[in-house]
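Read the structure below first, then the notes.
The values are calculated or read from the model by the stated rules, or taken from the named source; none is laboratory data. Please read all numbers here as calculations on a predicted model, not as lab measurements. All Cβ positions, glycine included, derive from the backbone under ideal geometry; neighbour counts span all protein chains shown. Heavy atoms of the whole protein, side chains included, go into the accessibility calculation; ligands, DNA and RNA do not. Shrake-Rupley method; radii C 1.70, N 1.55, O 1.52, S 1.80 Å.
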Amino acid sequence: MTKASELRLAKRMARLGTETAFEVLVKARALEAKGRDIVHLGEPDFDTPGNIIEAAIDALHKGFTHYGPSAGLPQLRETIAQYVSETRRVEATPEEVVVVPGGKPIIFFTILTLVEEGDEVIYPNPGFPIYESMINYVGAKAVPIQLREEMDFRLDVGELGGLINNRTKLIILNSPQNPTGGVLTKKDIDGIASAIGDRNIMVLSDEIYSRLIFEGEHHSIMSVDGMKERCILLDGFSKTYAMTGWRMGYGVMRADLATHVARLMTNSNSCTASFTQIAGIEALRGPQASVETMCAEFKRRRDVMVAGLNKIKGFSCRLPKGAFYVFPNITKTGWPSKKLADALLDDAGVAALSGTAFGDFGEGYLRFSVATSTKHSIASALGQRKISKGNCSGCRQESTSLIRAFSAGLGQTIFP
Ligand SMILES: Cc1ncc(COP(=O)(O)O)c(C=O)c1O
């Protein structure tokens, strides 16, 4: 007999994964509460641009404080349709847009709407962990496609072709990519479309970092002739406009699918917060200089970080082409990724993620974010909280500080 108070979870909960970044953040905050200095290499340290904040405040005063339509306010759907038409060079209409609280729900809803038990879903590994989590949650078969360092973490189109079969229901793409910073080229995208051919397979194209590209251009599979009807585009405001806490993103997909995704919104959230949606219009239509400033600064930090990491014995790191992460190979340290990530946090006060937080093929790597200021985070790791912008004489000093930060915390144990 079970006790009346025993928790009897649904079986599917055992299949649900997580995003370790949130757990590491909790652990890092707990260490800080005990007085430790922690280097946070996490989400953007930029503030949301002022014009967007003002638009939200104004919207609150104007009464955008009520429920709105589940698929989003018509004026924002219209703005997004225009933005996507221009940036992806396709004809997107407001009926094809669903506004949701963050980019993540589009992953959740797409998989819930399309994927059944026994279906196969191909997804990048290492990759954003929510893909695998959701595929497993719905009882489908998660089919990883390995992203390899020697290919600059772009997927191998030939290998993709070999993984596609008649049970493949969905292929997930992510470019620029979390955690590797890999960016798919136009040739890759065309190759992927050819590998899919005329099969009835849907593609979830996660383009949340589309505006954070350091080299080359962003290419979307949605732009490829004949792919739009089979494509769900995921994009949002979190990364581009430093709006992670606002919770606003969107999906663009054929209108008949959009109505089902909107039904999931009705069942789960009712709608995305109305005043944030008005601010979203300002984000897309207002000045874009802050996006360029942020991207240029991330690129600068990437260069500092990669140069620093490459000087650490046992580390080697490629220059990522987009997003705001660096993904060094640490196999030559002899440490397993998870153990090294834990040691970095516990002993050196540096919050890094193990590559394995992004899937089995992440073993041998760590992920650092360059979205947080190197100057201040490294200074604090060294116990030199007073180092100000003016005192720091440039990138070379920052790289040196980075190595010292690691070595100082870990002593001879890791980097003798
Ligand atoms: C690849 C990728 N997709 C989606 C998301 C989710 O974005 P949001 O915070 O808007 O839900 C993230 C966030 O880290 C991400 O890295």
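Before moving on, here are some points about what is shown:
- Neighbours by Cβ (under 6 Å, 6+ apart or cross-chain): first from the stretch 159-182, under 14 Å from H219 (Cα atoms); second away from the ligand (no atom under 16 Å from the Cβ): G182/D152
- Single residue of the stretch 245-265 satisfying the filter (under 28 Å from G181 (Cα atoms) and open to solvent by 40 Å² or more (accessible area, probe 1.4 Å)) that is nearest to the ligand (Cβ to nearest atom): R247
- Residue, nearest to the ligand (Cβ to nearest atom), within the stretch 154-189, restricted to residues that are in a strand (DSSP E or B) and closer than 26 Å to L353 by Cβ: N174
- The single condition among (1) within 16 Å of the ligand (Cβ to nearest atom); (2) free of Cβ contacts under 8 Å to residues at least 60 places away in the same chain; (3) open to solvent by less than 20 Å² (accessible area, probe 1.4 Å) that P328 does not satisfy is (1).
- Residue match in the stretch 12-25 (condition: among the aliphatic types (A, V, I, L, M), within 16 Å of the ligand (Cβ to nearest atom) and open to solvent by 60 Å² or more (accessible area, probe 1.4 Å)): yes
- Taking the numbered list (1) aliphatic (A, V, I, L, M); (2) within 16 Å of the ligand (Cβ to nearest atom); (3) not in a strand (DSSP E or B) in turn, I192 passes all entries but (2).
- Selection from the stretch 284-301 of residues that are open to solvent by less than 50 Å² (accessible area, probe 1.4 Å), assigned to a helix (DSSP H, G or I) and not hydrophobic (A, V, I, L, M, F, W, C): S290, E297, R301
- Restricting the stretch 222-244 to residues that are of a type in the set (V, I, T) and within 15 Å of the ligand (Cβ to nearest atom), the residue that is farthest from the chain's Cα centre (by Cα) is I232.
- The stretch 302-416 holds helices (runs of 4 or more DSSP H) entirely within its bounds, and those carrying 1 or more residues that are modelled with pLDDT under 55 and within 25 Å of P44 (Cβ to Cβ) map to 374-381, 395-414.
- Residue match in the stretch 333-345 (condition: under 22 Å from the mean Cα position of the chain (by Cα), within 16 Å of the ligand (Cβ to nearest atom) and of a type in the set (A, V, I, L, M, F, W, C)): no
- Filtering the stretch 174-200 to residues that are surrounded by 21 or more Cβ atoms within 10 Å (Cβ to Cβ) and either in contact with a Cys (Cβ under 9 Å, 6 or more places away or on another chain) or not aliphatic (A, V, I, L, M) (or both) leaves N174, S175, P176, Q177, N178, P179, T180, G181, G182, D188.
- For the stretch 30-38, the criterion of being among the β-branched types (V, I, T), within 24 Å of the chain's Cα centre (by Cα), away from the ligand (no atom under 16 Å from the Cβ) and surrounded by 11 or more Cβ atoms within 10 Å (Cβ to Cβ) is satisfied by at least one residue.
- Among (1) closer than 30 Å to I281 by Cβ; (2) not in a loop (DSSP other than H, G, I, E, B), the one test that L25 misses: (1)
- Criterion: touching a residue at least 60 places away in the same chain (Cβ under 8 Å), in a strand (DSSP E or B) and open to solvent by less than 30 Å² (accessible area, probe 1.4 Å) - qualifying residue of I281, I232: I232
- Check on V203, open to solvent by less than 40 Å² (accessible area, probe 1.4 Å), away from the ligand (no atom under 16 Å from the Cβ), outside any helix (DSSP H, G or I) and not acidic (D, E): no
- Looking only at residues in the stretch 206-219 that are open to solvent by less than 10 Å² (accessible area, probe 1.4 Å) and not aromatic (F, W, Y), the one that is nearest to the ligand (Cβ to nearest atom) is D206.
- Scanning the stretch 308-326 for residues that are in contact with a helix residue (DSSP H, G or I) (Cβ under 7 Å, 6 or more places away or on another chain) and closer than 30 Å to F237 by Cα returns C317, R318, L319, P320, F324, V326.
- Among the residues of this structure, D198 counts as one that is away from the ligand (no atom under 13 Å from the Cβ), more than 30 Å from K11 (Cβ to Cβ) and more than 21 Å from the chain's Cα centre (by Cα).
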